[in-house]
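The values are calculated or read from the model by the stated rules, or taken from the named source; none is laboratory data. Because the structure is a prediction, the values reported are computed rather than measured. Quick reminder, even Gly has a Cβ in these numbers, built from the backbone with ideal geometry, and neighbours come from all protein chains shown.
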Amino acid sequence: MDRERKLAQAVEGILDSYRRHGNINHLEATALPSRTRVTRLLDELMHLVFPGYFGEENLDELTSNYVVGDRCARLFRDLSAVCYRAFRVQDQECDSAQRRDMKQRADEISIGLLELLPGVRDMLVGDVQAALLGDPAAASAEEVILSYPGVQAITSHRIAHELFKMGVPMLPRMMSEVTHSRTGIDIHPGATIGASFFIDHGTGLVMGETTQIGARVKLYQGVTLGALSVRGRDEARGKKRHPTLEDEVTIYAGATILGGETVIGRGSTIGGNVWLTHSVAPGTTVVLDTPSLLFK
């Protein structure tokens, strides 16, 4: 009986915590998007983007028609359902007509993302090639796609970014966090990244929402493209808070670049562990020479 009494007290303590701290509960009838389902969606999208790489099936010209068709049909249903849940959480007081509109919008977004995948693949061709050109240890495109965390991260980002642009709440950020947990690379889905992008190693890299990156940029592990600290989120919401990297910039390991007005000019190189909160001109090399920075 003592165990039953203690168990009942523990349950009551938990329920009392729910009553006192409602801001971290979700006890409403509206179901949240499932992280497990989002992870599965992301994996299915990776299968579509890189056919023949991540599944057990052997694809050829004949079987790919059936496999891709089946995968797209399942993705459409699952993605639409997750988008609908995200919209419902955003507006829990909606009426039946608004719910029908949400369902229609979720369907349109799901089809829209599938229609955008050929363009995403066009970008990824350049990203894979950038890895091959940028890393002498890269033996083949197959090795890069299967084993480079930076390629996994940019693939996930290019998909999540399209959903972010379409105004889907929660889901793009959940996708980026799934990839963050797998690779150690944290890219906000709002960041804009140009063609032929390469992350070498990548663990600990952080890229904020309003980051803008040009073409043929290369980043190493531990790089932070962040915002300057603010007292409250409202004063910075909707503003450019993160840096801009122009074309052909290289940022070495551990560098921290902060601020929405900070622009790293075309062709510049930022050395390891450098801390920057101001712009540098095109073609500049910045290296750390404690206690000062050297500009060349």
Just checking, which of 287, 280 is of a type in the set (A, V, I, L, M, F, W, C), at pLDDT 95 or above and more than 24 Å from the chain's Cα centre (by Cα)?
280
Step by step: first the residues of the stretch 40-61, then only those that are of a type in the set (A, V, I, L, M, F, W, C) and part of a loop (DSSP other than H, G, I, E, B), then the one that is surrounded by the most Cβ atoms within 10 Å (Cβ to Cβ). Which residue is that?
50
With respect to residue 162, is the statement that it is without any contact (Cβ under 8 Å) to a residue 12 or more places away in the chain and assigned to a helix (DSSP H, G or I) true?
no
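Based on what the data block shows, is residue 32 assigned by TED's automatic domain parsing to the domain that holds residue 120, among the aliphatic types (A, V, I, L, M) and in a loop (DSSP other than H, G, I, E, B)?
So residue 32 fits the description; yes.
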If you check residue 254 against the conditions, is it within 19 Å of residue 150 (Cβ to Cβ) and buried (at least 19 other Cβ atoms within 10 Å of the Cβ)?
no
Does the stretch 51-68 include one or more residues that are more than 28 Å from residue 122 (Cβ to Cβ) and more than 20 Å from the chain's Cα centre (by Cα)?
no
Among the numbered criteria (1) over 23 Å from residue 162 (Cα atoms); (2) in contact with an Asp or Glu (Cβ under 8 Å, 6 or more places away or on another chain); (3) of a type in the set (D, E, K, R); (4) without any contact (Cβ under 8 Å) to a residue 60 or more places away in the chain, which one does residue 233 miss?
(2)
Based on what the data block shows, is residue 203 hydroxyl-bearing (Ser, Thr, Tyr) and part of a loop (DSSP other than H, G, I, E, B)?
yes
Qualifying residue in the stretch 53-60 (condition: of a type in the set (Phe, Trp, Tyr) and over 30 Å from residue 158 (Cβ atoms))
no
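Among what's in the stretch 106-132 and is under 22 Å from residue 203 (Cβ atoms) and touching a Lys or Arg at 6+ places or on another chain (Cβ under 9 Å), pick the residue that is surrounded by the fewest Cβ atoms within 10 Å (Cβ to Cβ).
Only one residue tops the list, namely 124.
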Within the stretch 229-252, considering residues that are hydrophobic (A, V, I, L, M, F, W, C) and in contact with a strand residue (DSSP E or B) (Cβ under 9 Å, 6 or more places away or on another chain), the one nearest to residue 219 (Cα to Cα)
251
Could you identify the single residue in 91, 101 that is more than 28 Å from residue 127 (Cα to Cα), modelled with pLDDT of 90 or more, out of contact with any Asp or Glu (no Cβ under 6 Å at 6 or more places or on another chain) and in the same structural domain as residue 127 (by TED's automatic domain parsing)?
101
Here is a list of conditions, (1) more than 30 Å from residue 144 (Cα to Cα); (2) of a type in the set (D, E, K, R); (3) at pLDDT below 95, and residue 56 meets all of them except one; can you say which number that is?
(1)
Do we have residue 182 as outside any helix (DSSP H, G or I) and surrounded by fewer than 21 Cβ atoms within 10 Å (Cβ to Cβ) here?
no
Hey, among the residues in the stretch 194-215 that are of a type in the set (A, V, I, L, M) and under 11 Å from the mean Cα position of the chain (by Cα), which one's surrounded by the most Cβ atoms within 10 Å (Cβ to Cβ)?
207
Quick test for you: out of 101, 127, pick the one residue that is touching a residue at least 12 places away in the same chain (Cβ under 8 Å), acidic (Asp, Glu) and in a helix (DSSP H, G or I).
127
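Taking only the stretch 165-179 into account, find how many residues are in contact (Cβ under 8 Å) with a residue 24 or more places away in the chain and either within 11 Å of the chain's Cα centre (by Cα) or surrounded by fewer than 20 Cβ atoms within 10 Å (Cβ to Cβ) (or both).
Looking only at that region, the number is 8.
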